[in-house]
Amino acid sequence: MSRVLISTSPSMDPIAPPPTLNVVRRKTSLAKIIAELWDSRDLVVQFMRRDITIRYAQAVMGFAWALVMPLLIVGAGLVFRVVLSTLSNSPIESAGIAGLAAKAVPWVFFSGGLTTATQSLLAHSNLIGKVYFPRESIPIASVFAQLPDLVVSLVVVLIIVPIVGVSLHLTALWGVAVLLLLVIFTIGWALVLSCANLFFRDVKYILQVALNFGVFATPVFFEPQMLGKKGAAIMLALPLSPFIQAMDVAVVRGKSLLEPLVLHSPKGPVVVWEPWMLGYAVILSTILASAGMIIFRRTSGKFAEMA
Amino acid sequence: MTPYLAFERVWKKFKRGQTHDSLRDLVPAMARRLIGRPHVEHKGSSRTFWALRDLSFEVKPGEVLGIIGSNGAGKSTTLKILNRIMDPTAGTVRTEGRIGALIEVSAGFHQDLTGRQNIFLQGAIMGMRKAEVERKFDEIVAFAGIDDFLDTPVKRYSSGMNARLGFSIAAHLEPDILIIDEVLAVGDAAFQQKAFGRIKQMATGGAPVVLVSHQLDRIAELCTKAIVLDHGATRVEGAPLDCINAYLHGIARTTPATDSGVKIRFDRVFGPNGQAVASGQEITIIVTGTADLEAAPEGWSPAFRIRDTATATQVHSVTGLQRGIPLPVTGEFEYHLTLQMNVQPGRYTVEPVIWNAISNETILTGPSLPIEVLERLPFYCEVQLNSRWLAPKLAAVPPSADSKAERQSA
């Protein structure tokens, strides 16, 4: 006969664990998280492909749809500039228009990627409660799903800039490098905000408000030199600014990012780029992405209960 | 690496009701705490309950653990913690090896994608590499039987096709550790048969397996050991059949309710020593007990019930009332019951009860005895009539089929 253990009635069970009992936490070392994510890269690709397929399946225009958002930003920027120039009686330079287009590229990627990524975990709550897989793959894939749009809009900008009458230089490659950094920067934010949105459902609204401010606070519509010396310094110190300003400096103005750039304004010379801003962008991206992964992993054990 | 799986004193606490769900609520709550005002409780927000209480088990290669329990006993929570969907509140979960789960097998499907696209998507979600899915693609499609609909969006699939495809993807995982939950019943009868065959093949492949199912006959067939969960704690552990019996007969009822005034109890039940019997064989059941009644209450009678373990249906019962066996009033007693097991091969339980013929209530249920019946003669249809067929007298040879046909057509 096998051993049968019959214990007493439920009421006699202990109702809380002894305090000496501890929990083995999830592995949170960055190297282990990255290793696991690398192992599940096929999953990230599958999620990304699904998102892209679904997004473009219904759109009649196909990838031309990728240009709608950048065009709207450029259009809004143009209206803004025209109003400003009539108020101040100064003409709009063609470089300014080209700059608007170049700077719309990182902005649209950042705001679009972050908006979809922030809601991505909640949108997958059903799956999260049922199946295990590295949860990071969801927000990362939804940022990656914006990559085709980024590439299409970058190519269009590179075609349009010479047409507007601004010659392209090899320094435009700096722009590509900065955009790659921006992807890492966006993923960092996406990891933090997507899990924050799971715990606090109003995060996505707060994000929208912040993005509406951000388009004016960062050099998307404005040029730093319009704000004078102090204003420019403050604007350029904002975390997203180096990524946006670099597109103007490297792609439109044809300057290397390793040298400072000083522009003249009615209020005197204004520094619009300094080499340390490149280092700032690198450090910001690295810290955000690492912190994002660790915060995300630490809280991921609670996702299934929140979702 | 030896695949391995263990729960060590695992506890899991859940909150009933809402927690802070928006910053809008959290900020005032924090401000209130800062200025020292008492926290305003939402209705029921702080009520917690333990879904798992001190649960421990381990599963080694070659072992199949069955988890039995009614709804809300903690089975799903156990599986979710095993599968790393949730973390335990206290205690340790040790796993060694890649875990594959036959749970919610089509959860990752996107309705607008085609069957082909969904195979890759769901495969990746379950932890398969793209190359692995490509290698098994044809097998998956063939098993699910959806060849003609590969490039049709899943939203046009019938629910059966959907489930078949999901099961088929999961069934082609090659995990080190296998977790199975209630996916045994998908699709039509033919597919269920096929699916169960596949599960059996996977479960007996040597990996550590945890199986949760309400189909107790499947637990009995597949598992090497089992536990019965009740309110998040292990109530019974041991051989699958013992656990199933304990579960079916309600663990609480096996101890006599002395405080309810019933001063009679069954102590032990003996049968064919745990050995399987052949269909049609006679067995004797011996039951011992003690009684301390002043007089036999009106209508009370000893009785036996024989149930089909898998379905819990009663296949036979016999009462002392019918057979003139009185209820024991004082002292120890012993009953002998002989049964001829004219039943389908399968698993049965015999339980002694005290039954009130007037109110038609069961007063007391004794410890139950599992009996396994094997096939002796080919057993078809519902009942075993022990037919005996005598050899025909060969004097009158029946006309052949041909001559019969000729005569009819003539």
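Every read-out reported here was derived from the displayed coordinates using simple, explicitly stated rules and does not represent laboratory data. A quick note: this is a predicted structure, and the numbers were derived from the prediction, not measured. All Cβ positions, even for glycine, are placed from backbone atoms using ideal geometry, and neighbour counts span all protein chains on display.
Among A:Ile163, B:Ile219, which comes first, then next, by fewest other beta-carbon atoms within 10 Å?
Lowest count first: A:Ile163, B:Ile219.
Where does chain A land on the Kirkwood hydrodynamic radius, alpha-carbon pairs, in angstrom?
By the Kirkwood definition, the hydrodynamic radius is 21.6 Å.
Using the C-alpha atoms of the range B:115-235, what convex hull volume per residue, in cubic angstrom, is computed?
126
Sticking to Cα atoms, compute the Rg of the protein assembly as shown to one decimal and its Dmax as the biggest Cα-Cα distance, whole number, in Å.
Reported Rg and Dmax, both Å: 35.9, 131.
Which percent, to the nearest 5, of DSSP beta bridges fully inside chain B are antiparallel?
75
Counting C-alpha atoms alone, how compact is chain B: give Rg to one decimal and Dmax as a whole number, in angstrom.
28.5, 111
For the range B:133-175, go through all pairs of different Cα atoms, get the mean of 1/r, take its inverse, and jot down that Kirkwood value in Å.
For the range B:133-175, inverting the mean 1/r across all distinct Cα pairs yields 10.6 Å.
Count neighbours as other Cβ atoms within 10 Å of each site's Cβ, and list the GluC sites (Glu not before Pro) in the range B:260-341 that are DSSP loop with at most 11 such neighbours.
Taking the range B:260-341 and a limit of 11 other Cβ atoms within 10 Å, the loop GluC sites (Glu not before Pro) found are B:Glu294, B:Glu298.
Counting other beta carbons within 10 Å of each Cβ, put A:Arg41, B:Arg198, B:Arg307 in order, fewest first.
By the 10 Å Cβ count, ascending: A:Arg41, B:Arg198, B:Arg307.
For the range B:4-249, what D do you get in µm² per second when you plug the Kirkwood radius from alpha-carbon pairs into Stokes-Einstein at 25 °C and 0.890 mPa s?
It diffuses with D of about 123 µm²/s by this estimate.
Could you identify which residue out of B:Val93, B:Val210, B:Val329 has the top mean-square fluctuation in a GNM of chain B using Cα springs shorter than 10 Å?
So, out of B:Val93, B:Val210, B:Val329, the one fluctuating most is B:Val329.
Give the angle, between 0 and 90 degrees and rounded to the nearest 10, that separates the Cα long axis of helix A:68-88 from the longest principal axis of the Cα atoms of chain A.
So the inclination is approximately 40 degrees.
What nm distance separates the two modelled labels at B:Thr288 and A:Val282, each placed 7 Å from Cα along Cα→Cβ?
So the two model labels end up 8.5 nm from each other.
Go ahead and set up a Gaussian network model of chain B, Cα springs under 10 Å, then flag whichever of B:Val236, B:Val318, B:Val64 fluctuates most.
It is B:Val318.
Per residue of B:229-242, how many C-beta atoms from partner chains lie within 10 Å of its own C-beta, taken as a mean?
4
In a GNM of chain B with a 10 Å cut-off on Cα contacts, which of B:Thr204, B:Thr78, B:Thr313 has the highest mean-square fluctuation?
Highest fluctuation among the options: B:Thr313.
So how do B:Asp151, B:Asp25 line up by other beta-carbon neighbours within 10 Å, fewest first?
B:Asp151, B:Asp25
For the range A:132-236, state which chymotrypsin sites (Phe, Trp or Tyr not before Pro) are in a DSSP loop and have at most 13 other beta carbons lying within 10 Å of their beta carbon.
Hits after loop and neighbour filter: nothing returned.
Dipole of the range B:37-155, Cα-centred, from +1 at each Lys and Arg C-beta and -1 at each Asp and Glu C-beta, to the nearest 20 debye?
For the range B:37-155, the charge dipole is close to 660 debye.
Just to be sure I follow the definition: excluding the sites themselves, where is the longest run in chain B that has none of the chymotrypsin sites (Phe, Trp or Tyr not before Pro) in a DSSP loop with at most 14 other Cβ atoms within 10 Å?
So the longest stretch without any such site is B:1-379.
Which cross-chain or sequence-distant (5 or more) residues have an amide H under 5 Å from the amide H of B:Val277, H modelled 1.01 Å from N in plane?
Here B:Glu372, B:Val373, B:Leu374 satisfy the definition.
Dividing the Cα radius of gyration by the Kirkwood radius, what Rg/Rh value follows for the range A:162-307?
1.06
Helix-derived [θ] at 222 nm for chain A: sum -39500 (n - 2.57) over DSSP H runs of at least 4, divide by residue count, nearest 500?
-21000 deg cm²/dmol
Return the average number of partner chain Cβ atoms within 10 angstrom of each residue Cβ along peptide A:125-134.
Partner-chain Cβ atoms within 10 Å, mean over residues of A:125-134: 6.
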